[in-house]
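Novice: Mind having a look at this structure? Questions to follow.
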Amino acid sequence: QVQLMESGGGLVQPGGSLRLSCAASGNIFSIYVMGWYRQAPGKQRELVATITRGGNTNYADSVKGRFTISRDNAKNTVYLQMNSLKPEDTAVYYCKVPKGSAAYWGQGTQVTVSS
């Protein structure tokens, strides 16, 4: 089992910034990819960004140039720095860790972008 604890969501004005964190614990041996997904009301959950243990990253087109994913392997923690936030970024953000044939999800953290 892998436990994921997210933090850092909140309310921010358009153009503002937030930093999300997700700390993994439990059976964390050989975790390779860590990622962030989001789900807006009435929409399907979608990929935001992923990062491998070696630092290779992948971003959704909608966040490229604005969001940065990073990872501290020593702390088993993944971060999502979100800049130039837009109202359409409003969603519940989830951390995801695939491990073997399973996928572990965090509980989600709400990000609301509104004036």
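The values are calculated or read from the model by the stated rules, or taken from the named source; none is laboratory data. Just so it is clear, the structure is predicted and the values come from calculations on it, not from any experiment. Because the Cβ atoms are built from the backbone with ideal geometry, glycine has one as well, and the counts that use them run over all protein chains shown. Note: accessible area is taken over every heavy atom of the protein model, side chains too, but ligands, DNA and RNA are not part of it. Shrake-Rupley method; radii C 1.70, N 1.55, O 1.52, S 1.80 Å.
Novice: State the number of residues belonging to the range 44-83 that are among the charged types (D, E, K, R), more than 16 Å from Ala103 (Cβ to Cβ) and in contact (Cβ under 8 Å) with a residue 12 or more places away in the chain.
Specialist: Filtering the range 44-83 for residues among the charged types (D, E, K, R) gives 45-46, 53, 61, 64, 66, 71-72, 75.
This time we only want the ones that are more than 16 Å from Ala103 (Cβ to Cβ), so: 53, 61, 64, 66, 71-72, 75.
With the extra rule that they be in contact (Cβ under 8 Å) with a residue 12 or more places away in the chain, the set shrinks to 53, 66, 71, 75.
Result for the range 44-83: 4.
Novice: Which of the residues spanning the range 6-31 are open to solvent by 50 Å² or more (accessible area, probe 1.4 Å) and touching a residue at least 60 places away in the same chain (Cβ under 8 Å)?
Specialist: Ser7, Leu11, Gln13, Pro14, Gly15, Ser17, Arg19, Asn27, Ser30 - these are the residues of the range 6-31 that are open to solvent by 50 Å² or more (accessible area, probe 1.4 Å) and touching a residue at least 60 places away in the same chain (Cβ under 8 Å).
Novice: Here's something else I'd like to know. Take Thr50 and decide whether it is open to solvent by less than 40 Å² (accessible area, probe 1.4 Å) and assigned to a strand (DSSP E or B).
Specialist: Numbers: open to solvent by less than 40 Å² (accessible area, probe 1.4 Å): yes; assigned to a strand (DSSP E or B): yes.
Yes, satisfied.
Novice: Same structure again: Would you point out the residue of the range 32-47, among those that are open to solvent by 30 Å² or more (accessible area, probe 1.4 Å) and in a loop (DSSP other than H, G, I, E, B), that is modelled with the lowest pLDDT?
Specialist: The first filter runs over the range 32-47 and keeps only residues open to solvent by 30 Å² or more (accessible area, probe 1.4 Å), leaving 32-33, 37, 39, 41-47.
Keeping just the survivors that are in a loop (DSSP other than H, G, I, E, B) gives 32, 41-45.
Working: Tyr32: 87, Pro41: 92, Gly42: 94, Lys43: 96, Gln44: 97, Arg45: 97.
Per the stated criteria, the residue is Tyr32.
Novice: Report the residue count in the range 76-115 for those that are open to solvent by 40 Å² or more (accessible area, probe 1.4 Å), closer than 12 Å to Gly9 by Cβ and in a loop (DSSP other than H, G, I, E, B).
Specialist: Number of matching residues: 1.
Novice: So which residues in the range 48-66 are hydrophobic (A, V, I, L, M, F, W, C) and within 19 Å of Ser84 (Cβ to Cβ), if there are any at all?
Specialist: If we filter the range 48-66 for residues that are hydrophobic (A, V, I, L, M, F, W, C), which is where we start, we get 48-49, 51, 60, 63.
Matches in the range 48-66: Val48, Ala49, Ala60, Val63.
Novice: Within the range 53-75, restricting attention to residues that are among the small types (Gly, Ala, Ser), open to solvent by less than 70 Å² (accessible area, probe 1.4 Å) and more than 18 Å from Ser30 (Cα to Cα), which residue is nearest to the chain's Cα centre (by Cα)? Talk me through it step by step, then tell me what you get.
Specialist: Of the range 53-75, the ones among the small types (Gly, Ala, Ser) are 54-55, 60, 62, 65, 70, 74.
Narrowing the set further to residues that are open to solvent by less than 70 Å² (accessible area, probe 1.4 Å) leaves 55, 60, 62, 70.
After this cut, where a residue has to be more than 18 Å from Ser30 (Cα to Cα) as well, the list is 60, 62.
Working: Ala60: 12, Ser62: 14 Å.
The residue in question is Ala60.
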